[in-house]
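Please see the structure below; I have some questions.
The values are calculated or read from the model by the stated rules, or taken from the named source; none is laboratory data. Just so it is clear, the structure is predicted and the values come from calculations on it, not from any experiment. When the accessible area is computed, the model is the full protein with side chains, heavy atoms only, and any ligands, DNA or RNA have been set aside. Shrake-Rupley method; radii C 1.70, N 1.55, O 1.52, S 1.80 Å.
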Amino acid sequence: MQTGNSNTSLDTQIEAAFGRPITALHHDIEPPDVRRVLEIRAMLAVVERHLDQIRDRLHTATAPDRDCAELADEDLTVDAEWLAAAGRSRNRHAQAITSLLRAGPPASHPNLVRTAAEATASSAPSPPARASTTALPHR
């Protein structure tokens, strides 16, 4: 799976904090903060893609036109457990990125310090998402 091109739910915040699009940040991984954010972002992309797959599988299994007799309790239970685990992982990765963005870029990048401060001031932290078997918002 190629995560470099996958969008994540935090891309807008990351781009605002560093004042550049994600694609440009991949070319400037020298500052440790940029490298750390991009590494965690890559993991976030994998987890969010996994959440999308589980959600789609649950939607297919529970579609209104499906015969209820086809539902397998064990499959639904496993998917619900995977959904909860992936949701917790997503929240941890998102919190790690948010913490790094709040800390701000190094002083050696003054243009980044300004944009990170502005992004932090303008973005309120979002409450952690609760994993459930209901539909997840599509990014």
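Decide, for the stretch 1-70, between rounded, prolate and oblate: order the square roots of the alpha carbon gyration tensor eigenvalues as a ≥ b ≥ c, take rounded if a/c falls under 1.5, and otherwise choose prolate if a/b is larger than b/c, else oblate.
Numbers: a/c = 4.31, a/b = 3.36, b/c = 1.28.
Prolate.
Let me ask something else. Can you pull the accessible area of E74 for me, 1.4 Å probe, Å² to the nearest 10?
140 Å²
Okay, moving on. If the chain between D28 and C68 were fully stretched, how many nm would it gain, using 0.36 nm times the residue separation less the Cα-Cα distance? Write out the running numbers ahead of the final one.
Details: separation 40, 0.36 × 40 = 14.40 nm, distance 5.21 nm.
The D28-C68 span can extend by a further 9.2 nm.
Give the ranking of T23, T8 by solvent-accessible surface, highest area first, calculated with a 1.4 Å probe.
Values: T23 95, T8 10 Å².
Final ranking, largest accessible area leading: T23, T8.
Karplus couplings for the stretch 10-22 from phi (6.51 cos²θ - 1.76 cosθ + 1.60, θ = phi - 60°), rounded to Hz, Gly and Pro as x?
Each residue's phi maps through the Karplus curve to give 10, 4, 4, 5, 5, 5, 5, 5, 9, x, 8, x, 3 Hz.
So how exposed is S9, as accessible area in Å² (1.4 Å probe, rounded to 10)?
50 Å²
Taking θ = phi - 60°, what integer Hz values does the Karplus form 6.51 cos²θ - 1.76 cosθ + 1.60 yield along the stretch 83-92, in sequence order, with x for Gly and Pro?
Working through the residues one at a time gives 4, 5, 5, 5, x, 5, 5, 4, 5, 5 Hz.
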